[in-house]
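Novice: Have a look at this one.
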Amino acid sequence: MSEADGDSAGPKRERGTPIVRLESVVKAYPRSGRALDDVSFQLHKGEFAFLTGPSGAGKTTILKLIHMEERPDEGRVRVSKFTSDEVGRKDIPLLRRRVGYVFQDFRLLERLTAAENVAFALEVTGADSDRIESRVQRLLGQVGLSAKASSHPPELSGGERQRVAIARALATDPLILLADEPTGNLDDRAAKGVLELFRDIHRRGTAVLLATHDAGLLRRQSDSRVIEIEQGKIVFDSAREAAS
Amino acid sequence: MRALREAVAGFRRSPLLASLSVGAIALSLLVIGLFGLLAHNIDLALADVEERVEVVGYLSEDAPTNGVQLAVEEIRSYPEVATVRHVTRVEALRNATTELPEFSDVFSDLETNPLPASIEVELAIGHRNAEDARTVAERLRSYGFVAEARYGQQWVQRIDVLRRVSGGAAAVLGGGFALVAALLIATAVRMSIVARGDAIFVMQSVGAKESYIRRPFILEGLGVGVLGGLLALLLTWGVFRAVNALLFSIAWLPVPWLAGGVAVGGLLGMLSAAYAVRKEVRPYRAA
């Protein structure tokens, strides 16, 4: 098995220990059968990669494995210092603080304002209450939503909601941001804006793994690493191709 | 503070179910409280009766004086015994005349004293029960000159049975109601969990600790339990007042019992909630 280092646009990255590493991962579900079959790849600090493939190919399963919502049946997943076959229940919250997750359907709390949604992530992870307000302002500024801080999700457009969700995912200052079809519910213009935001986050040093089945989106990102998956197997990895 | 806020919010979210849970806990603890009131008053009455529990060994006419004196000394050394007294036939007649003045004419007309001499044994505190009384009576009977030994056997046994039955009934009925209360609390907490499903999902997603996520629900259960305990206390007090006003005078429960009742309510609520949370909040998966 060969492992490929990623390569992507953006500032030069240090190539130390990978922050995410999947080693010969197999995952099956009782009803739908094998979702992943001998999947191996790694992502380095500050890398930007697309995970692509048709619906049901196994993209979300990979994200869930990295987020440790699922455990592999065979093989191993390493994220930072955490390893899937050794991690304890008490470690998982600590891991999740290092791995931001952005969902297709935003998963915002509608009774809270945009600012409160971001603050919520800080409060529940034990952030210093004196610093929450300034941090929320900075995060909303980073995603371009300072003016909408007091708006509730139903008052925001799809693109704006996704920006709030991204700000929330960044609240714990993660090493990597996982995004599961983040533009799936957005029109082209909003999708382009959200993608640009991910690029900006990447430029600031956070690694991004963005799962999408949108071929059009990928065509516009020809300089990025692309990992393509079909029926649970990696069928293409641009970093591996470049290395060979 | 957040946990407390969320716990109150959970209560407000489904007030009917929360009130039902409080009511069920109150009912279960009321049953225990009423039986407790009964048991406590029986205990007080028993303490009074027990003061009078004594074992009497009636002596045969030919009982040797020396032998009786030795027996008295020996009986005094038993751990169950507080005092021992040898009552002669003359003393027995005098006592009878004093205690039953309405029969004084009958006693004075007697040509011979029909009353036997006896050994009266008062049991020590902590030994005034059926079993110890029987033990001492059997020892008395073992002396050849003791014709008969009595200790109000039926009384003592009935008192013991009454105490056990009231305790058992409180345990069975209270336990049954407590189970219903626990199920209701668990359901109320489950509804709170479902209502807060989105927030729990986000908390788990961003890395909130498991204990942080669970705490508000445990507090909600504790709150429901304590409220139920206090309501039970109030209802028991109402029954106590009514009995005193309408039937007869009874004593109120000791403070440690009251505190214990409320604490049991809180514990019941907390355990039910912990069970529901364990079932409903999907734990972090780990190796």
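The values are calculated or read from the model by the stated rules, or taken from the named source; none is laboratory data. Please read all numbers here as calculations on a predicted model, not as lab measurements. Methodologically, a virtual Cβ is constructed for each residue, glycine included, from the backbone with ideal geometry; neighbour enumeration extends over all protein chains shown. Heads up: the accessible areas ignore ligands, DNA and RNA and are worked out on the full protein's heavy atoms, side chains in. Shrake-Rupley method; radii C 1.70, N 1.55, O 1.52, S 1.80 Å.
Residues checked against (1) closer than 20 Å to A:Arg240 by Cβ; (2) at pLDDT 95 or above:
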site: A:Gly33; (1), (2): no, no
site: A:Ser40; (1), (2): yes, yes
site: A:Gly46; (1), (2): yes, no
site: A:Gly56; (1), (2): no, no
site: A:Ile66; (1), (2): yes, yes
site: A:Arg71; (1), (2): no, no
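Novice: Also: Within the group A:Ile62, A:Ile92, A:Ile19, which residue is within 27 Å of A:Leu140 (Cα to Cα), more than 8 Å from every other protein chain (Cβ to nearest Cβ) and buried (at least 18 other Cβ atoms within 10 Å of the Cβ)? Walk me through it before giving the result.
Specialist: Values: A:Ile62 fails: within 27 Å of A:Leu140 (Cα to Cα); A:Ile92 fails: more than 8 Å from every other protein chain (Cβ to nearest Cβ).
Going through A:Ile62, A:Ile92, A:Ile19 in turn, just one is within 27 Å of A:Leu140 (Cα to Cα), more than 8 Å from every other protein chain (Cβ to nearest Cβ) and buried (at least 18 other Cβ atoms within 10 Å of the Cβ): A:Ile19.
Novice: In the set B:Ala232, B:Ala182, which member is modelled with pLDDT of 85 or more, hydrophobic (A, V, I, L, M, F, W, C) and either touching a Ser or Thr at 6+ places or on another chain (Cβ under 9 Å) or farther than 30 Å from A:Asn117 by Cα (or both)? Even if it seems obvious, please write down each step before you answer.
Specialist: Working: B:Ala182 fails: modelled with pLDDT of 85 or more.
After ruling out the rest, the residue left standing is B:Ala232.
Novice: Kindly establish whether B:Ala149 is of a type outside the set (Asp, Glu), more than 14 Å from chain A (Cβ to nearest Cβ), surrounded by 14 or more Cβ atoms within 10 Å (Cβ to Cβ) and not in a helix (DSSP H, G or I). Full working, then the answer.
Specialist: Details: of a type outside the set (Asp, Glu): yes; more than 14 Å from chain A (Cβ to nearest Cβ): yes; surrounded by 14 or more Cβ atoms within 10 Å (Cβ to Cβ): yes; not in a helix (DSSP H, G or I): yes.
For B:Ala149, the condition - of a type outside the set (Asp, Glu), more than 14 Å from chain A (Cβ to nearest Cβ), surrounded by 14 or more Cβ atoms within 10 Å (Cβ to Cβ) and not in a helix (DSSP H, G or I) - is met.
Novice: A further question on this structure: Would you pick out the residues in the range B:112-129 that are touching a strand residue (DSSP E or B) at 6+ places or on another chain (Cβ under 7 Å) and part of a loop (DSSP other than H, G, I, E, B)?
Specialist: B:Pro116, B:Ala117, B:Ala124
Novice: Tell me whether the range A:72-88 contains one or more residues that are open to solvent by 20 Å² or more (accessible area, probe 1.4 Å), away from chain B (no Cβ under 14 Å), touching a residue at least 40 places away in the same chain (Cβ under 8 Å) and not in a strand (DSSP E or B).
Specialist: Within the range A:72-88, none of the residues are open to solvent by 20 Å² or more (accessible area, probe 1.4 Å), away from chain B (no Cβ under 14 Å), touching a residue at least 40 places away in the same chain (Cβ under 8 Å) and not in a strand (DSSP E or B).
For (1) of a type in the set (Ser, Thr, Tyr); (2) closer than 30 Å to A:Asp91 by Cβ, each residue gets a yes or a no:
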| site | (1), (2) |
| --- | --- |
| B:Ser205 | yes, yes |
| B:Ala208 | no, yes |
| B:Ser211 | yes, yes |
| B:Leu235 | no, no |
| B:Gly238 | no, no |
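Novice: State all residues of the range B:238-273 that are more than 17 Å from the chain's Cα centre (by Cα) and over 19 Å from B:Ser19 (Cα atoms); if no residue qualifies, say none. Walk me through it before giving the result.
Specialist: Of the residues in the range B:238-273, the ones more than 17 Å from the chain's Cα centre (by Cα) are B:238-239, B:241-249, B:265-273.
Matches in the range B:238-273: B:Gly238, B:Val239, B:Arg241, B:Ala242, B:Val243, B:Asn244, B:Ala245, B:Leu246, B:Leu247, B:Phe248, B:Ser249.
Novice: Among the residues of the range B:202-211, are any basic (Lys, Arg) and in a helix (DSSP H, G or I)?
Specialist: So in the range B:202-211, the residues basic (Lys, Arg) come out as B:209.
Now drop any that are not in a helix (DSSP H, G or I), which leaves none.
No; the residues of the range B:202-211 include none that is basic (Lys, Arg) and in a helix (DSSP H, G or I).
Novice: Could you go through the range B:90-111 and let me know if any residue there is surrounded by 12 or more Cβ atoms within 10 Å (Cβ to Cβ) and not in a helix (DSSP H, G or I).
Specialist: Residues of the range B:90-111 surrounded by 12 or more Cβ atoms within 10 Å (Cβ to Cβ): B:91-97, B:104, B:107.
From what is left, the residues that are not in a helix (DSSP H, G or I) are none.
There is no residue in the range B:90-111 that is surrounded by 12 or more Cβ atoms within 10 Å (Cβ to Cβ) and not in a helix (DSSP H, G or I).
Novice: In addition: Tell me, which helices (runs of 4 or more DSSP H) lie completely within the range A:95-205 with 3 or more residues that are in contact (Cβ under 8 Å) with a residue 40 or more places away in the chain and facing chain B (nearest Cβ under 10 Å)?
Specialist: Values: elements: A:114-124, A:129-142, A:158-170, A:188-203.
Once the helices (runs of 4 or more DSSP H) in the range A:95-205 are filtered for at least 3 residues that are in contact (Cβ under 8 Å) with a residue 40 or more places away in the chain and facing chain B (nearest Cβ under 10 Å), what remains is A:114-124, A:158-170.
Novice: Show the residue pairs that are 6+ apart or on different chains and have beta-carbon atoms under 8 Å apart, the first residue being within the range B:253-280 and farther than 13 Å from B:Gly36 by Cβ, the second being of a type in the set (Phe, Trp, Tyr).
Specialist: Short answer, once both residue conditions are applied: B:Ala273/B:Phe217; B:Ala276/B:Phe217; B:Val277/B:Phe217.
Novice: For the condition part of a helix (DSSP H, G or I), small (Gly, Ala, Ser) and within 14 Å of chain A (Cβ to nearest Cβ), what is the one hit in B:Ala169, B:Ala199, B:Ala182, B:Ala186? So that I can check it myself, show each step before the final result.
Specialist: Details: B:Ala169 fails: within 14 Å of chain A (Cβ to nearest Cβ); B:Ala182 fails: within 14 Å of chain A (Cβ to nearest Cβ); B:Ala186 fails: within 14 Å of chain A (Cβ to nearest Cβ).
Sole residue among the options that is part of a helix (DSSP H, G or I), small (Gly, Ala, Ser) and within 14 Å of chain A (Cβ to nearest Cβ): B:Ala199.
Novice: In the range B:210-241, what residues are more than 14 Å from chain A (Cβ to nearest Cβ), farther than 19 Å from B:Val264 by Cβ and open to solvent by 70 Å² or more (accessible area, probe 1.4 Å)?
Specialist: Answer for the range B:210-241, where residues must be more than 14 Å from chain A (Cβ to nearest Cβ), farther than 19 Å from B:Val264 by Cβ and open to solvent by 70 Å² or more (accessible area, probe 1.4 Å): just B:Arg241.
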